[in-house]
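The values are calculated or read from the model by the stated rules, or taken from the named source; none is laboratory data. Since the structure is predicted, the reported quantities are computational estimates derived from the model, not experimental observations. Please note: Cβ atoms are built from the backbone with ideal geometry, for glycine as well, and neighbour counts cover all protein chains shown.
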Amino acid sequence: MGIIDALKAGFKNIHSNKRMLALIYILNFIAALLIALPIRNLISSGAGNSLAIEQNLERFDYEFLTDLLRKIQSGLTAITNQSILFIFLYFVFSILLLGGIVSIIKKGPNSFKNSDFWMGAGSLFWKYLRLSIYFLLGHALLLYLLSITWLSGSNIFEVESDSLYVAKMKTLFPIYLSFALIWSLIHDYAKLFVSDVKGFWITNAVINSFKSTLKKLLPTFAIYLVKLLLFAFLTSIYWMIRKNFQLDTSSNILIIFLLGQLYLIGRIYLRIWHLAAADHYYSNHMRHESYIS
């Protein structure tokens with residue numbers, strides 16, 4: 001019953017806090033514009049008023065692409081550097097938004113206020129920034145260990161066949177996928193444990209999140225699995241509709257854009273819903289194991 005109650009509570013929470021969903025969507029849309037506009041302006045400066053871009057949306061034209069890259073080469077480096085900066089800023093901004101989302105979720109249904117959202121975002125930012133770095137480092141360590149295992153035993157430049165590496169990949173990829181799913185699951189619950197920490201240090205809360213999530217792995221993963229299945233369903237519906245439209249007319253481009261925005265809203269909805277469902281389960285079955293510093 002704990003799992004079903006958590007799923008219901010997640011839907012109730014996000015439906016009653018729809019303004020938060022709208023806020024997160026608008027901020028993501030603005031961030032996407034800030035990234036896309038410089039790239040669009042650069043391409044326009046290279047292509048001018050030519051219709052070649054529209055004509056080549058659905059086919060690969062090597063000569064056109066080569067000519068375009070040659071014309072915008074001087075600005076490409078600047079755009080690349082800007083993109084790296086935007087990615088970093090988006091990462092930081094996402095952590096800030098996450099603090100606001102969790103703070104509203106923990107207040108319960110019908111609790112969204114802009115002031116409370118940004119206050120929670122600020123109070124949890126540094127804790128969530130450290131938490132994200134910890135989990136990114138853990139993920140990087142796994143990738144490093146798997147890459148060593150994948151390359152061990154032979155020289156990749158001397159082998160006559162890649163069958164050995166393919167065989168290793170078939171073994172290692174399921175291991176990596178399983179770890180990545182569990183790692184992401186623990187990360188979500190770690191956010192809830194850390195949100196209850198009153199002091200600066202979050203180490204004990206992170207350790208307790210590992211212990212408690214692994215101890216309750218079946219129900220917590222069941223909730224997470226529902227999110228994955230809903231995401232797979234959403235993605236399949238999106239691509240089933242998307243493949244019926246080609247980038248050949250203005251109306252089709254508009255339809256594809258709107259479909260993309262609906263898909264983005266769906267992804268944001270599922271992410272917030274899972275955090276709300278996880279928080280309900282955490283509050284009723286795991287919170288007593290949380291360490292409050």
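Tabulated results
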read-out: Members of the stretch 237-254 found to be surrounded by 15 or more Cβ atoms within 10 Å (Cβ to Cβ) and in contact with a Phe, Trp or Tyr (Cβ under 7 Å, 6 or more places away or on another chain), listed by number; value: 238
read-out: Every pair of residues 6+ apart whose Cβ atoms lie under 6 Å, when the first sits in the stretch 127-151 and is more than 13 Å from residue 94 (Cα to Cα) while the second is of a type in the set (Ser, Thr, Tyr) and part of a helix (DSSP H, G or I); value: 146/176
read-out: Failed criterion for residue 216 (all others in (1) within 20 Å of residue 101 (Cα to Cα); (2) surrounded by 14 or more Cβ atoms within 10 Å (Cβ to Cβ); (3) at pLDDT below 95 hold); value: (1)
read-out: Test: residue in the stretch 220-228 that is in a helix (DSSP H, G or I), farther than 22 Å from residue 96 by Cβ, more than 20 Å from the chain's Cα centre (by Cα) and of a type in the set (S, T, N, Q); value: no
read-out: Subset of the stretch 117-150 that is in contact with a Lys or Arg (Cβ under 9 Å, 6 or more places away or on another chain) and closer than 18 Å to residue 174 by Cα - its residue that is surrounded by the most Cβ atoms within 10 Å (Cβ to Cβ); value: 150
